[in-house]
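Worksheet for the structure shown next.
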């Protein structure tokens, strides 16, 4: 789809007259063709959000000077903004522990081009899933963590992430809590899957909590990681029906299918620059 | 469907060999034909649950002596058990405040025979919905409640419920908390609809809470009322997708449709004697 | 929500550079503030679709001359376009036969402002639902139809629709097929609910067809009426799970809840001018 | 769950008094403990269906003579019946073409014990997926088929299926139509996944058909293969929402996730002997 070279602007600012006009004018006056545009206004706070994408074929400004050229408009409206290019292949690191279902799902979807990213490396606190990494030909690193060595190990992980030029981190059922410092290196770029319908059942063993509560539906939630456990901005959620006939094992099994769906959808939206974060919530353009 | 006269046994007891045999033998040896049988064993606690329904046409025991005849089997297995008859029309009271959507839904479904019950009376803490009651020809009583007069008013409500020979109470968005004493008169016979996917967003203004949390799915939960607010055994839940585009008004509107579905489904299951309560959870037979 | 006076432009045309710019410029240069903008490009045919809404407060052009002022832009890009005003209350006629569930649902949602329209009249081929119309205070007309008098009766119906200044017709389980001529008076303005997941089970008794096929999910479809039976552009669909335990009566009952949801959602989208028709399909903006 | 040795009876016959009693008596009188029992009566045809499972620990009849001992009861009620043992590991063959998503999903679920079967071999009409088979250590056979050699190739396939002692065949997006003769060797034991919400969009390119029709929801259907293409008894279906924004590629991508879910659920039910076929429909016990 995005095989063509296009530019993507993500914008948020106070809502004022003329924003759309000025952005459209910037693109049109330099001979760009808008291929996609989404916008949203948060009425409570009067904040305007936009994602606009245009074809760079024939665009009058060189890619490396577009940002500079757009700066005056951004300045005029005090925009928070990001500029991305569809042809810039993002690089993803996957963090795992012992469960393989989400890892496989992302690896296969990346291989088939359904999520457009290079899985550059896999980091784990266990050796368990090394064979999978080898099969897919992806570097695999193990950092076992204790309370004592956690920050030290994270430092090594950060070095690897840096070496591999990582844009985005996926916690594919990674059973370790990242430190506040670690998280601060990748704000809104670490995507977690939590196996409950948040905010219900935060923390450990959510399926067991769901079972104890006798809920009739279970869910999974993908969110950006912040320094508050399981409380970062929610990107995607989905659910599946359960009943009294489902044992905890059944719930876990059913949940795994939902976790995969939710995590890969969230990752896809993130990689397509369709997610904006505001007030600990997300705007996710279709 | 259940136009025929049938008997329904609801049983729970410790799981032992021979329960099914003894129950089936009781029915068969008196010339009954089983039309429906559902059972479940809770493996953790080793508890057996059963709902068995048989045609009374040609059954050798008179209806009013079936219970007595079954008693020895129940005694042998220390059963908790209930005996119901499909032709016994249950009588329901609906409690409402100002919102009409759930009230209308139940009244229409009762009228069309989709939930098999007589709506015997409507009780409210406001005059607002009186016209609806009149249109459907159902007695309507108003008891305004303050902290001071609550128990006194509930006493009057209990008298009415008694006068109308009520089997089952539906709180159709009734915005008052019932006292522990009131609830104790109708254990597992008061059905509430809470407008969230419990246990998330207990208490007041759950849609506002959902909006603040930026969840991507909202839900509704129907449960039996206990003396712990919004924590009784869950009978039914359902959900609907929302997005950043949905204002609180949109969420409330979408939620109302789900509330109706969930409440009427829970009521229907209850009236068909398909709900068993155990360990603050429900077994809901299909 | 749309209590403010806003203008809504619906546009479709061949995709070319500058469309968004020109429309945004038209609004901005006359001091309008865009409150909502959605667009879509059909890549197969290269067709561009847009719905743009702007606040009329302070807009430099009088409402009754906006169309004229916009005409040159529309001409330049050979646009199909419509201009609507949010404060223009649309008038809806509901056609029914004997089933009341969809009728009640729309009447209640209109009353509560959830679908923003005046239900101006109800037309039926039976007397059955007259009481409901009276209760809601809405004129009710009966035109029984035979093969012989159909066109004649439709002529009378068209007169009434004209007298009541009807913008939109809802077939709320109306069990008559409208003639090609009748349909031609309200192109893309007659909304039907069909009780199947189209294109499966067109025509009569779709729930019986679903039952015979042993499907595990049933659905409902709301679509614009064209002269091909049950084949007009689909606006909305939804589904519900069924099983071998569901009799035809159960399927009908479950289906009715879905029909209501689907029809009211489709009507709401239509009334908000969020539906565009193209190539017998719809673009439905969120 | 079913680690214990249990016996499973699947029964269908004309509904008569005493069936449940006689079966329960058979089990109880030989000291068996029922762990699960499900039954259903098709009211139209008066047909009774049952799945009953009991613990063999302490059961008074040897496994290899249970069938013989049950025969008189089966004879008395003219039952169609099957006897299975939970510890008998079933052997599955997977047929694939070039698409890998369903293959991976089943292999991983079998490996994790989520579907209880040995994947004994993989058969394909292409070399494409050989590497996957090797990675999982499963024999892989290629039989390319032309109109001319089809029956001949199928004969070789049948030999392999025989050699590998195959109980169940899964067509995991196998793009060949099996001959009537082939199908007759495995009645109700060949499970296909069709990438549409059947009966809509039978045959080739269902996602393209869905796209052309502008449906708002797409689905997948798993069914037993019969000699009528895509018309065998439906075991499981599920759906996912699409919109005008979804290209055919998007629809295919979304559909793949649903195909996996539906196929693996159907296979799981089949392997647990929870599916009964009657009148080209299925009874699927929970």
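Just so it is clear, none of the values below were taken in a lab; they were calculated from the coordinates. None of the values given here were measured: they were computed from a predicted structure. Reconstructed Cβ throughout: ideal geometry from the backbone, glycine too, with neighbour counts over all protein chains shown.
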Degrees, to the nearest 10: B:19-29 long Cα axis against longest axis of chain B: 70
Along Cα→Cβ, 7 Å out, is where each label goes; now give me the distance between the ones at residue D:112 and residue B:4 in nm to one decimal. 4.5
Every other copy gets compared here: list the nm distances from the residue C:250 label point (7 Å along Cα to Cβ) to its counterparts, shortest first, one decimal. 1.7, 3.6, 3.6
Is the C-alpha gyration tensor of region B:90-284 telling us rounded, prolate or oblate? Criteria: a/c under 1.5 is rounded; beyond that, a/b larger than b/c is prolate, otherwise oblate. rounded
Helix B:248-271 sits at what angle to the longest principal axis of chain B, using alpha carbons and giving 0 to 90 degrees rounded to 10? 20
Just need the relative contact order of chain A here, percent rounded to a whole number, with Cα pairs under 8 Å and 6+ apart. 15
Quick one: among B:237, B:153, B:212, which has the greatest mean-square fluctuation in a GNM of chain B with alpha-carbon springs under 10 angstrom? B:212
Using alpha-carbon positions, what is the distance between the centroids of region A:152-168 and region D:246-282, in Å? 41
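Efficiency by 1/(1 + (r/R0)^6): what FRET value for residue C:185 and residue C:247, r their Cβ-Cβ distance, R0 = 35 Å, to the nearest 0.05? Please list the in-between numbers first.
Working: r = 41 Å, r/R0 = 1.16.
The calculated FRET efficiency here is 0.30.
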Mean residue ellipticity (222 nm) of chain A, computed from DSSP H runs ≥ 4 via -39,500 (n - 2.57), nearest 500: -10500 deg cm²/dmol
Between copies, how far does the label point of residue B:187 sit from its twins, in nm, shortest first, when each point is 7 Å from Cα along Cα→Cβ? 5.3, 5.6, 6.8
Rounded tilt (10° steps) of C:101-111 against the dominant C-alpha axis of chain C: 40
Antiparallel versus total DSSP beta bridges in the protein assembly as shown: what percent is that, nearest 5? 70
Please report the spacing between the Cα centers of region B:174-211 and region A:179-228 in Å, no decimals. 25
Could you quickly flag the chain B residue whose beta carbon comes closest to the rotation axis taking B to C, and that distance in whole angstrom? B:135, 3
Cβ-vector label at 7 Å, residue D:68, separations to other copies in nm: 4.9, 9.3, 10.1
